[in-house]
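One structure is given here, and the rest of the page talks about it.
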Amino acid sequence: MPSGLIVTGASRGIGAAIARLAAGRGYKVCVNYVRDEQAASAVVTDIQAAGGSAIAVQADVGSEADIMRLFDTVEAEIGPLCGLVNNAGVTGPIGSFIDAESAILRKVFDINVLGSFICAREAVRRFPAGKNGVIVNLSSVAATTGAPDEYIHYAASKAAIDAFTLGLAREVADRGIRVNAVAPGSSLTDIHATAGEPDRPARVKNRIPMKRLAYPNEIAEAVLWLLSDAASYVTGAVLRVSGGF
């Protein structure tokens, strides 16, 4: 049976969709957020109103101290972990790589890469002995396209996640721990506005063979499948959920 699950960056977008869907399937969910307490509380309220179990915990996954506090809080309030979804991530502004500021590059790698690494390390350390733990990392199709003229640094951070997923999966497989990734294509979330181009969905949709962007719940379904026993023999995989792109 499912038990404790941390979803980082779960106050909005794909993370919120994952948290809601997971709670509906019996997980006790930690809705992690960094700034928007109101949005995180709304996700928790939705989950509880539907009969599920959830808490909201503020923590910046770009900070190791915050990550340690996040895991300690979840263990104290929810109990033992069975899963982690490394969803939190940032792109930085859209534009040419030569215009990218060093502070943005560091922030992208601190959150997308080091944050995911440290969260995964803590999950592996804390999964109960003899129990099967599952980690799902959020990658991106940008890892294989390179995202030229948009956010090469973000693409590189997600390529690091792909390599990390495979390496960690092989390292912990004999402990009964599975590690996979989901690589979404462009999705209908506010990440585009945050990156400085709210109209990006209209600009990029015709590149996609299915001629539309993903809805967050479509990405969440893939994540929940990888978390579930239905994917019990799947580890080290990067599942592309991209409308054919």
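Values quoted throughout were computed directly from the atomic coordinates according to the rules given, and no laboratory measurement underlies them. Predicted model, so just to flag it, every value in this text is computed and none were measured. Glycine gets a Cβ as well: all are built from the backbone with ideal geometry, and neighbour counts include every protein chain shown.
Residues of region 204-245 with an amide N closer than 13 Å to a point placed 7 Å from the Cα of residue 145 along the Cα-to-Cβ direction: 204-214, 241-245.
The listed peptides 18-24, 35-41, 220-226, ordered by packing as a protection proxy, come out as 18-24, 220-226, 35-41 (highest mean of other Cβ atoms within 10 Å first). Selection among 15, 5, 166 by position relative to the dipole of the chain gives 166 as farthest towards the positive end (Cβ unit charges, Cα centre).
Under 12 Å Cα-Cα from residue 107, which aspartates and glutamates qualify once same-chain neighbours fewer than 8 residues away are excluded? Hits, sequence-local ones excluded: 60. Between residue 225 and residue 171, full extension at 0.36 nm per residue minus the direct alpha carbon distance yields a gain of 17.3 nm. Other residues with beta-carbon under 15 Å from the beta-carbon of residue 35 carry, at +1 per Lys or Arg and -1 per Asp or Glu, a net charge of -3.
In region 63-165, the convex hull through the Cα atoms has an average projected area of 6.9 nm², a quarter of its surface area.
Computed FRET efficiency, Cβ-Cβ of residue 53 and residue 99, R0 35 Å: what is it to the nearest 0.05? Can you show the working numbers first?
On the way: r = 45 Å, r/R0 = 1.29.
Efficiency, rounded to the nearest 0.05: 0.20.
Each Lys and Arg contributes +1 and each Asp and Glu -1, all at the Cβ; summed about the Cα centre of the chain, the dipole is approximately 620 debye.
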